[in-house]
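Below is one structure, written out as structure tokens; comments come after it.
The values are calculated or read from the model by the stated rules, or taken from the named source; none is laboratory data. Nothing here was measured: the structure is a model prediction, and the numbers come from that model. Neighbour counts run over all protein chains shown; Cβ positions are idealised from the backbone, glycine included.
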Ligand code: NG1
Ligand code: MG
């Protein structure tokens with residue numbers, strides 16, 4: 001399916017957001033004219049997301065259930081008829097200084113050690129260039145003048161990075177005449193692109209940003225190949241409402257990646273390799289596979305293929321898949337006993353490789369720092385979280401009996417995720433825990449961090465009649481306590497009732 005082309009902001013935003021968005025877009029286009037002395041040709045747009053359930057399991061290739069939000073990244077673009085193609089890129093937010101650069105004939109270089117906002121554009125440009133070279137042969141992008149405006153808070157757990165990268169890739173494709181952009185191709189491209197910025201990301205955020213349709217969350221699958229199903233929330237009384245609350249603890253993945261996000265990806269990969277080796281699986285570890293191709297899900301499917309003769313596990317019934325996951329939890333408990341974690345030399349002994357080989361193979365592209373790798377805990381989180389996603393999805397497709405009990409059963413799964421993120425996956429922080437505790441005490445039925453964690457944002461399932469009480473609890477006991485000078489505007493921004501928004505769009509300026 002192709003990325004839609006919009007001609008009215010009503011195609012993109014919910015009715016109540018249209019007036020403010022109209023002002024914002026008019027401002028972007030007017031400022032574009034002021035900056036570059038000409039009109040923009042089109043605007044590319046991709047939203048942020050809230051993940052409802054399925055945390056830190058996308059890079060292990062298990063299903064996740066996010067939704068797009070209204071906040072987004074918009075990018076007004078005009079082609080430049082340069083002989084030597086050049087990019088000028090600016091942002092309406094003065095925090096992000098204007099940049100200019102030539103587009104090289106070879107690959108554009110990105111210094112991911114430097115935290116530079118325009119790197120996200122370059123990562124999209126690089127991804128598109130590589131894709132179009134495969135499709136068309138020799139290719140250098142046209143030059144572009146660009147003005148950006150993002151409303152997804154940076155470092156706020158709502159994936160401003162994916163919104164920016166997806167928008168960039170979409171803009172470069174559109175500028176180069178690819179006006180029927182396939183959604184799946186865009187997601188795959190944006191996933192690879194974002195890795196150029198130094199984070200070994202899974203694919204959830206880019207999928208949510210591109211695939212989403214207004215009014216529905218999406219169930220994203222990565223196996224046998226990337227795809228999604230739109231999921232509508234059932235009507236309940238009291239109405240089921242998702243509310244997000246920012247912790248204002250900045251989760252800067254670029255700084256923390258080697259000890260947080262990228263380390264978790266390595267731990268999950270090593271857990272998969274370790275288990276595959278412990279069970280003597282042959283196919284799970286092809287000699288020339290890259291670390292990104294080794295996943296806990298890969299181990300899972302291969303295990304049941306080689307042990308139980310299941311040729312294609314992607315067609316397993318929900319009940320069988322749940323049984324398999326329970327079995328894997330048990331096996332992890334038995335075969336990965338060390339609570340304190342595994343040292344490099346312990347891992348090397350089992351795998352029969354040298355430390356140099358281990359580092360080179362799994363920790364060179366995205367370096368990590370750790371003495372011990374908590375393989376047991378990481379695998380346990382992943383298998384149990386995959387189970388929770390399946391249960392959550394099943395509940396959404398079952399008609400509720402009594403509505404409040406039904407909301408509570410959904411909420412319980414979210415609460416379990418939070419416990420697992422806090423105690424087993426070590427990706428929460430005291431502020432996120434506090435926001436969750438406050439919400440639950442004021443009537444939320446489910447509360448958890450959303451996104452990578454270590455700061456950023458929380459998401460809460462709140463019966464509609466309890467939303468005000470939850471907001472008040474946060475305002476008085478979290479925001480005004482921690483930030484006594486907080487303005488009313490900032491308070492408004494920090495708590496949002498999230499409705500599922502629409503995905504990527506190209507808007508033609510006429
Ligand atoms: P955020 O919080 O948007 O950086 C990250 C990853 C996801 C996923 C979640 C955890 C990126 C772009 N996204 O999200 O792929 O792994 O953490 O579930 O790095
Ligand atoms: Mg991100």
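Quick notes
- The listed residues are 149, 107, 145, and the only one of them that is more than 15 Å from ligand 1 (Cβ to nearest atom) and surrounded by fewer than 16 Cβ atoms within 10 Å (Cβ to Cβ) turns out to be 107.
- Of the strands (runs of 3 or more DSSP E) lying entirely inside the stretch 73-165, those containing at least 3 residues that are in contact with a helix residue (DSSP H, G or I) (Cβ under 6 Å, 6 or more places away or on another chain) and in the same structural domain as residue 34 (by the TED database) are 143-150.
- Subset of the stretch 203-213 [within 12 Å of ligand 1 (Cβ to nearest atom) and crowded, with 24+ Cβ neighbours inside 10 Å]: 204, 205, 206, 207, 208, 209
A quick yes/no check of all residues on (1) in a helix (DSSP H, G or I); (2) touching a residue at least 12 places away in the same chain (Cβ under 8 Å):
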position	(1), (2)
444	no, yes
459	no, yes
462	no, yes
477	yes, yes
486	no, no
497	no, yes
501	no, yes
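- The conditions of being in contact with a helix residue (DSSP H, G or I) (Cβ under 6 Å, 6 or more places away or on another chain) and outside the structural domain of residue 495 (by the TED database) are met by residue 48.
Matching residues to (1) free of Cβ contacts under 8 Å to residues at least 24 places away in the same chain; (2) within 23 Å of residue 66 (Cβ to Cβ); (3) within 16 Å of ligand 1 (Cβ to nearest atom); (4) crowded, with 19+ Cβ neighbours inside 10 Å:
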site	(1), (2), (3), (4)
165	no, yes, yes, yes
175	no, no, no, yes
185	no, yes, no, no
191	yes, yes, yes, yes
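- Checking 81, 94 one by one, the residue that is loosely packed, with under 15 Cβ neighbours inside 10 Å and either touching a strand residue (DSSP E or B) at 6+ places or on another chain (Cβ under 9 Å) or within 29 Å of residue 213 (Cβ to Cβ) (or both) is 81 and no other.
- Residues (exposed (fewer than 15 other Cβ atoms within 10 Å of the Cβ) and within 24 Å of residue 183 (Cβ to Cβ)) located in the stretch 231-264: 232
- Within the stretch 472-487, being more than 11 Å from residue 442 (Cβ to Cβ) and surrounded by fewer than 13 Cβ atoms within 10 Å (Cβ to Cβ) holds for 481, 484, 485, 487.
- The residue pairs whose first member lies in the stretch 198-216 and is over 12 Å from residue 59 (Cα atoms) and assigned by the TED database to the domain that holds residue 113, whose second member is near ligand 1 (Cβ under 10 Å from one of its atoms) and in a loop (DSSP other than H, G, I, E, B), and whose beta carbons are closer than 9 Å, counting only pairs six or more residues apart or on different chains, are 198/257; 206/159; 208/159; 209/159.
Conditions tested, residue by residue: (1) outside the structural domain of residue 319 (by the TED database); (2) surrounded by 18 or more Cβ atoms within 10 Å (Cβ to Cβ); (3) under 26 Å from residue 51 (Cβ atoms).
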residue: 335; (1), (2), (3): no, no, no
residue: 339; (1), (2), (3): no, no, no
residue: 345; (1), (2), (3): no, no, no
residue: 375; (1), (2), (3): no, yes, yes
residue: 378; (1), (2), (3): no, yes, yes
residue: 395; (1), (2), (3): yes, no, yes
residue: 400; (1), (2), (3): yes, yes, yes
residue: 405; (1), (2), (3): yes, no, yes
residue: 411; (1), (2), (3): yes, yes, yes
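- Considering 279, 222, the condition of being within 14 Å of ligand 1 (Cβ to nearest atom) and more than 24 Å from residue 153 (Cβ to Cβ) is satisfied by 222 alone.
- Residue check, residue 43 within 11 Å of ligand 1 (Cβ to nearest atom), buried (at least 24 other Cβ atoms within 10 Å of the Cβ) and at pLDDT 95 or above: no
- Just one of (1) assigned to a helix (DSSP H, G or I); (2) within 25 Å of residue 254 (Cα to Cα); (3) touching a strand residue (DSSP E or B) at 6+ places or on another chain (Cβ under 6 Å) fails for residue 411. It is (2).
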